[in-house]
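The values are calculated or read from the model by the stated rules, or taken from the named source; none is laboratory data. Quick caveat: nothing in here was measured; it's all calculated off a predicted structure. For neighbour counting, all protein chains shown are included, and Cβ atoms are generated from backbone atoms with ideal geometry for every residue, glycine included.
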Amino acid sequence: MMKNTIVLYSSIGRGHVFSMVELGNLILTHNPSFSIIILIPTPPNTANIDTTTFGCNSSITFHHLTITPPGSSADTNTIGPHLPIFDITRHGNHNLHHVLQYISKTSNLKAIVVDFMNYSATEVTSTLDIPTLFYYTSGASTFCYLNHLQTIKENRTKSTNDKQAYLEIPGFPTISAQELLHDPRHIEDIFIKISATLSDCDGIIINTFNAFEERAIKTLEEGSCFPQEKNPPPVFCIGPVISMSRGEKDEHGCLSWLDSQPSQNVVLLSFGSLGRFKKNQLKEIAIGLEKSERRFLWVVRSEFDEESLEELLPEGFLERIKEKGMVVKNWAPQAAILSHDSVGGFVTHCGWNSVLEAVCEGVPMVAWPLYAEQKLNRVVLVKEMKVALALEECEDGFVSATELGERVKELMNSEKGKEIRERILNMKVSAVEARAEGGSSYGALNRMTKTWEEKEHLHHFSPNGIF
Ligand code: UDP
């Protein structure tokens, strides 16, 4: 008998593949009878990602899907060279079509789950009549915001250029123009397209849980915030799904250094896979950390990769802080570090995976957003959930040593810091409850997989296909 198969279509980059692997593992823990195929889009001249270290369930297989180089297509031109990532997988649609046709013939293909960044995949899946769900890999609150972008655009008047003007967005905290994305208009049109595509699919999976984003999830479930209000898609909040199966080594010895530190005392500073700083900002961070007099573990990534830590940081800094601090270059096993008992605070760029890892380990945050939707995440973390302190940057994004030092001290040694810690520790418990049998995320996962078990799906391939 042919196995029920689910295809997961990752976006480009290891982080996105990790997310899909974790989703695949989760689906299989819930229903081991499925077979899962993860499609990895692979641009030309890019080495295939080594999937052997992922530690995934044996019912998961991988397929590298070649993306043919974009020519001078009209779409890439309108989006701009800084955002090809959202549209690049469109150039893999031809191959996607063939692969899905092949999978349909050799297995019982029940559904495809597409990373929302590959939104143009619906051009293929709708033609092949394959039930299509999207995986929105950030939170429900920013998804509400995304769905409201069209309205924001239509209502744009002089007053929304006023930085003090406030916007009311269903499911999202009240926000001033100042707190918006760095430059919303660059990416607005593409996000409006994404929002329209997602509001017309067979389901949206969000990596979050009810207790964490109650208001936003309720807004989404009511359907009132979708741009197309007729029959909004079901929303499955199945999180927190965090990525622990990367087979990473602790090459700098961070974990053994943490073993030598007192409980709940160390502040981790880590800024995602893309967070890089200029030299003057790195120096300012170093001064701020020294001023704070707290213990810290700092993952330094700079725009000048070839320079050593000695060259990047103030003279004598590494020697002066060696009793209290550890500084490593480029990468550290963040999830494992956050789970260490010595870690008591986290200065984060507010990437959604980092946020969920902090929540799952009950580590309070200082929010320092850098790119993508992270400024919005800061608003939610600080105003709505109250599990982080906001770091105030200057107009150009620069953060002073004094500001950093003060916020780190406030997080680790103040009444407000204590309240934030208590709140996030409660959230940690709620996260476990959400995933456990009977919890909200367990229920959502159950509803989602049931539809794949039950639905008898007939594929209607047009003899000529779309290509
Ligand atoms: N990460 C890590 N070590 C580092 C930096 C990042 O393990 O030095 C991991 C982090 O634990 C998280 C992911 O990379 O799982 C970053 O995802 P996130 O959504 O936070 O940010 P992004 O990199 O997508 O901006």
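The lone criterion from (1) away from the ligand (no atom under 15 Å from the Cβ); (2) of a type outside the set (Val, Ile, Thr); (3) over 30 Å from Ile169 (Cβ atoms); (4) under 25 Å from the mean Cα position of the chain (by Cα) left unmet by Arg294 is number (4).
Inside segment 88-136, residues that are in a helix (DSSP H, G or I) and of a type outside the set (D, E, K, R) make up a count of 29.
The residues of segment 293-307 that are modelled with pLDDT of 95 or more and charged (D, E, K, R), listed by number, are Glu293, Arg294, Arg295.
Residue count for segment 276-317 satisfying the condition of being within 23 Å of Gln261 (Cβ to Cβ), part of a loop (DSSP other than H, G, I, E, B) and polar (S, T, N, Q): 0. Checked against (1) touching a Lys or Arg at 6+ places or on another chain (Cβ under 8 Å); (2) within 13 Å of the ligand (Cβ to nearest atom), Ala390 passes all but condition (2). Taken over segment 331-374, residues that are touching a His at 6+ places or on another chain (Cβ under 9 Å), farther than 21 Å from Leu23 by Cα and either more than 7 Å from the ligand (Cβ to nearest atom) or not aliphatic (A, V, I, L, M) (or both) amount to 7.
State which residue is nearest to the ligand (Cβ to nearest atom) when the search covers only segment 252-285 and only residues that are charged (D, E, K, R) and without any contact (Cβ under 8 Å) to a residue 60 or more places away in the chain.
Once the filter is applied, the top-ranked residue is Arg276.
Annotation note: of Ile287, Ile217, Ile206, the sole residue that is in contact with a Cys (Cβ under 8 Å, 6 or more places away or on another chain) and more than 23 Å from Phe86 (Cβ to Cβ) is Ile217.
Of the residues Ala444, Ala372, the single one that is part of a loop (DSSP other than H, G, I, E, B), out of contact with any helix residue (DSSP H, G or I) (no Cβ under 8 Å at 6 or more places or on another chain) and surrounded by 17 or more Cβ atoms within 10 Å (Cβ to Cβ) is Ala372.
Based on this model, can you work out whether Ser243 counts as closer than 30 Å to Thr132 by Cβ, in contact with a Gly (Cβ under 6 Å, 6 or more places away or on another chain), in contact (Cβ under 8 Å) with a residue 24 or more places away in the chain and within 16 Å of the ligand (Cβ to nearest atom)?
Considered against the rule, which asks whether it is closer than 30 Å to Thr132 by Cβ, in contact with a Gly (Cβ under 6 Å, 6 or more places away or on another chain), in contact (Cβ under 8 Å) with a residue 24 or more places away in the chain and within 16 Å of the ligand (Cβ to nearest atom), Ser243 comes out as no.
A quick yes/no check of all residues on (1) surrounded by fewer than 20 Cβ atoms within 10 Å (Cβ to Cβ); (2) over 17 Å from Phe271 (Cβ atoms); (3) in contact with a Leu (Cβ under 9 Å, 6 or more places away or on another chain); (4) free of Cβ contacts under 8 Å to residues at least 24 places away in the same chain:
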site: Ile287; (1), (2), (3), (4): yes, yes, yes, no
site: Leu338; (1), (2), (3), (4): no, no, yes, no
site: Gly344; (1), (2), (3), (4): no, yes, yes, no
site: Leu356; (1), (2), (3), (4): no, no, no, no
site: Glu361; (1), (2), (3), (4): no, yes, yes, no
site: Trp368; (1), (2), (3), (4): no, no, yes, no
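From the list Leu8, Leu23, Leu39, which residue is in contact (Cβ under 8 Å) with a residue 12 or more places away in the chain, outside any strand (DSSP E or B), at negative phi and not polar (S, T, N, Q)? One residue alone meets the criteria, Leu23. Looking only at segment 139-182, residues that are at pLDDT below 85, under 25 Å from Asn353 (Cβ atoms) and not charged (D, E, K, R) come to 3 in all.
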